[in-house]
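Asker: I am attaching a structure below and will ask some questions about it afterwards.
FYI, it's all coordinate maths here, none of it is from the lab. The structure presented is a predicted model; accordingly, all values stated were derived computationally and were not measured. Neighbour counts run over all protein chains shown; Cβ positions are idealised from the backbone, glycine included.
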Number of protein chains: 2
Amino acid sequence: MKNLLGGPGTVTGLLLRVGQCFCAAASIGAMISSLGFSNYTAFCYLIASMGLQLIWSLGLAGLDIYALKIRRNLLNPVLVSLFVVGDWVTATLSLAAACSSAGVTILYIRDTDFCKSQPNLHCHRYQISIALGFMTWFLISISSLVMLWLLASI
Amino acid sequence: MKNLLGGPGTVTGLLLRVGQCFCAAASIGAMISSLGFSNYTAFCYLIASMGLQLIWSLGLAGLDIYALKIRRNLLNPVLVSLFVVGDWVTATLSLAAACSSAGVTILYIRDTDFCKSQPNLHCHRYQISIALGFMTWFLISISSLVMLWLLASI
């Protein structure tokens, strides 16, 4: 159980963290580059949530690199509990942010045709940003499940 | 670990399932009774998701009652794996539905003042339905965590 794929201090764990950082940063970039995003609470919340995710995943990626470099085992119950709580909180916030933004975007694109009537709105970029937000959530949810599994097995 | 609070075939587990059924049914009721909900994809998705949650929780509540009545132990790995998958899928769908509906409602109430300019929209009922959706998610997420913990410990 100690060599579980995606666990802390493993290469797969590091790859997951790097993927989370990349997707979260790309999501923020796509949203910030679109016009008028700041008028919508859901989009601002997506940026805030992805920012938090980026900081958290960057910190854990650094810790993974450190653990891989000095070959230190990070599997102690206190540390894994901390990872579990952090991962679950950020995963839930990421999903909530991606879904609330998706709700608004679907309303604009499908329900009201607002995107067609207002071509100056960058609906396409909103969609890219939200898709990247969902990818971030998918990657962090894998980390969360692995961490919870590890905590229950330690 | 076998007597974990909220586990399958326990009184607390049954109470959690009853709470989930109640909140999901109330959320559907509040949304259906509000005018014009069917024009919005997010609200229809909330009803569909809460409907699925209601069926799932009702089924498991029945199973809990049966297990309590004949004092049967439900803690076998195959059964708990099934509960884990079902709980996680419905919990994720419930959170996604509640958040996407919340995104639309915040847009209408706060970002665009659409609720004030269109008093025939039942924004207050949308809010009640969404709050009940979040309560459903909170209760199912407790069940999900307990089930995953049980699966890792069996």
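Asker: I need the inter-copy label distances for B:Val18: point set 7 Å along Cα to C-beta, values in nm with one decimal, smallest first.
Answerer: Here B:Val18 shows inter-copy label distances of 5.3 nm.
Asker: Within 10 Å of each Cβ in peptide A:139-151, how many partner chain Cβ atoms are there on average? Round it to a whole number, please.
Answerer: The per-residue average across the peptide is 1.
Asker: So which residue, out of B:Phe37, B:Phe22, B:Phe114, gets the largest mean-square fluctuation from a GNM of chain B using Cα contacts under 10 Å as springs?
Answerer: Fluctuation is largest for B:Phe114.
Asker: When Cβ neighbours within 10 Å are restricted to other protein chains, what is their mean count per residue of peptide B:101-110?
Answerer: 6
Asker: Which one of B:Trp88, A:Ser81, B:Gly62 has its Cα pushed farthest toward the positive end of the charge dipole of the protein assembly as shown, where Lys and Arg give +1 and Asp and Glu give -1 at the Cβ?
Answerer: The one lying farthest along the dipole's positive direction is A:Ser81.
Asker: Sticking with this one: For segment B:25-89, what percent of Cα pairs sit more than 15 Å apart?
Answerer: 62 percent
Asker: Please turn the phi angles of segment B:8-22 into ³J(HN,Hα) values with the Karplus equation 6.51 cos²θ - 1.76 cosθ + 1.60 (θ = phi - 60°), one per residue in order, whole Hz, x for glycine and proline.
Answerer: Coupling constants for segment B:8-22: x, x, 10, 5, 5, x, 5, 4, 4, 5, 5, x, 4, 4, 4 Hz.
Asker: Let me ask something else about it. Kindly provide the Kirkwood hydrodynamic radius of the protein assembly as shown in Å, to one decimal, from all pairs of distinct alpha carbon atoms.
Answerer: Hydrodynamic radius (Kirkwood, Cα pairs) of the protein assembly as shown is 20.6 Å.
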